[in-house]
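The values are calculated or read from the model by the stated rules, or taken from the named source; none is laboratory data. Note that the structure is predicted; figures quoted are calculated from it, not measured. Heads up, the Cβs are rebuilt from the backbone with ideal geometry, glycines too, and the neighbour counts pull from every protein chain shown. Surface areas here come from the heavy atoms of the whole protein model, side chains and all, with no ligands, DNA or RNA. Shrake-Rupley method; radii C 1.70, N 1.55, O 1.52, S 1.80 Å.
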Amino acid sequence: MKGLRLTIAKHTINTILDTLGENDFVNIIAYSDYVSYVEPCFKGTLVQADLDNREHFKILVEGLHVKGEGKVKKAMKESFKILNQASAQGQGSLCNQAIMLITDGAMEDFQEVFEEFNWPERRVRVFTYLIGREMTFADNVKWIACNNKGYYTHISTLADVQENVMEYLHVLSRPMVINHDHDIIWTEAYMDTVLFNSQAQSLLLMTSVAMPVFSKKQETLSHGILLGVVGTDVALRELIRLAPRYKLGIHGYAFLNTNNGYILSHPELRPLYKEGKKLKPKPNYNSVDLAEVEWEDTEEALRTAMVKGETGSLSLDVRTSVDKGRRVMFLRNEYYYTVINETPFSLGIVLTNGHGQYRFIGNVSVEEGLHDLIAPDLTIATEWTYCETDIDPSHRKLTQMQAMVRYLTGKEPDLECDTDLLGQTLFDAVVTAPMEAYWTALMLNSSSMDEGVETAFLGTRTGLMRVQRYAGIEKRVANTFLTPADKLNIFTLDHFPVWYRRAAEVPAGQFHYYLPREDTRGAKIVIAATAVSVTVGKKTAIAGAIGVQMTLDMLESKFMTIAAQ
């Protein structure tokens, strides 16, 4: 198998590998006078056909060289032994089993091998690919496939590879057609590059759901003809919306993983890296294991249960990082998990002890709430779903604030809105309204304001924020603080602001000071924030957080003044 034939053979193997997914298990054997595994570490077993293993196989196949004479019988025996062992030990997907024989000729008599390992049940299908223009051994190669419920293909040029490899899929699908089985599949995660600059990194991935379309004509029904596939793309952030952010508490979050243990969505998932000014996907962005982000699960109890599709809960002491890994918090988390029916995915919900047991609620009239909601200093979390704007095409251009106002004023009564979240947002708008007047008075009375205080702000668990700027954009050191680009410090689909989370971990009434980062001009800023809690009897709930952002120079001058006194 030299020259062009070897090139065609390698391309055929790579094309077959491309048809496999995470739910398939595979190995590749090279044969000459003896049998050798292209990857010695995988000897005698099947490995998951995930992206890493497929790419690894392709590299190894590219390095194959011609040597000796091809003895197919030994390779066939070894292949049957692997598959029989997998069946006996319950390994792999335990679905279709197949051997793909890529050869430029087979002179041996294989009947003895098939009688020993595959006949009469013919449990393993054998597909044969005759490489090159030589047809001398075509009958023999065709006999192997036809007597083992497979399919024979002759590939004479590189252009023939794609079409001919796909024929095996039609053969495997025939029993499904005849039995009217329309299995729904969900693909492994992939990235939507359009979302690179518009979503949090942990929410970039997508999946596709698809099902086969078979011919139902009576005259062809017994032939099992696969017409094609129908499917649609699903952004994984849509599944995360099933767990509204405001219900999960300050440190809580939701995550998704597959039945193979790979993360689909998680606050700690970072699938991109920066190369110069461009963001690019990491090589293995869609095969990050749950154990790599929930690494306190040392016994892998959480991972094992979710991979098996179980429903349950467990507790873990965790260390979680904030502010791009520069700070750490020690928390005790409660994990709740369950399978999402009719998918290979599981949903996990994480709640932190000490948060979320109680919540502060109240009622105001719609008129009073709307009056304070449309104040110029007030914003809501743009990534949250207060009202569903994706269902009706006429609503898709509406912002969440516009949708809320139109629903509450009766202009769009058909909008689907979270009435609980809307009611609490209106209440928060009314309760926090006096802060606008207070901040404005401070700004007008320059003698009561320290130079260097640039921004005052507050936030509530409903995603509402009020911001007062004390310095113009041209004078501010922190130009991007609390802007839509400052994802760390605003409410997003997968986390509360950093200052909110850190303030919640210090005693109520105490301000927490920290330096978040350096500005591009070299000047440093300081953020001071405190949690606002409400206590009724012995029950305490954090209603929000309030703080200021100032320059480090201003804070240092204060300390110097105190020291001098």
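Tabulated data
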| quantity | calculated |
| --- | --- |
| Net charge over other residues, Cβ less than 14 angstrom from the Cβ of Lys58 (K, R count +1; D, E count -1) | -4 |
| Gyration tensor verdict on region 200-277 (Cα atoms; rounded if a/c is under 1.5, prolate if a/b is larger than b/c, oblate otherwise) | prolate |
| Charge sum, other residues only, whose C-beta stays under 15 Å from Lys73's C-beta, Lys/Arg counted +1 and Asp/Glu -1 | -4 |
| Calculated FRET efficiency for the pair Ala485/Lys411, C-beta based, R₀ 45 Å, to 0.05 | 0.90 |
| Rounded tilt (10° steps) of 419-444 against the dominant C-alpha axis of the chain | 50 |
| Helical contribution to [θ] at 222 nm, DSSP H n ≥ 4, -39,500 (n - 2.57), averaged over the chain, rounded to 500 | -8000 deg cm²/dmol |
| Crossing angle, helix 552-564 versus the chain [Cα axis fit, 0-90 degrees, rounded to tens] | 40 |
| Of all accessible heavy-atom area on the chain, the percent that carbon and sulfur account for (1.4 Å) | 53 |
| Å² of accessible area per residue within region 268-399, as computed with a 1.4 Å probe and no ligands counted | 60 |
| Of Leu488, His170, Gly369, farthest towards positive along the dipole that unit charges on Lys, Arg, Asp, Glu beta carbons give the chain | Leu488 |
| Where region 95-192 is the region considered: accessible area per residue in Å², 1.4 Å probe | 51 |
| Restraint check, Lys43/Lys74; Lys2/Lys71; Lys43/Lys67, Cα-Cα greater than 18 Å | Lys43/Lys67 |
| Unit charges on C-beta of K, R, D, E only; dipole of the chain, Debye | 780 |
| Environment charge at Leu272 (Cβ cut-off 9 Å; Lys +1, Arg +1, Asp -1, Glu -1) | +4 |
| Partnerless Cys - the chain, beta-carbon criterion under 4.7 Å | Cys41, Cys95, Cys146 |
| Unit charges on C-beta of K, R, D, E only; dipole of region 344-481, Debye | 260 |
| Unsatisfied cross-links (Cα-Cα over 27 Å) in the set Lys58/Lys81; Lys282/Lys475; Lys142/Lys217 | Lys282/Lys475; Lys142/Lys217 |
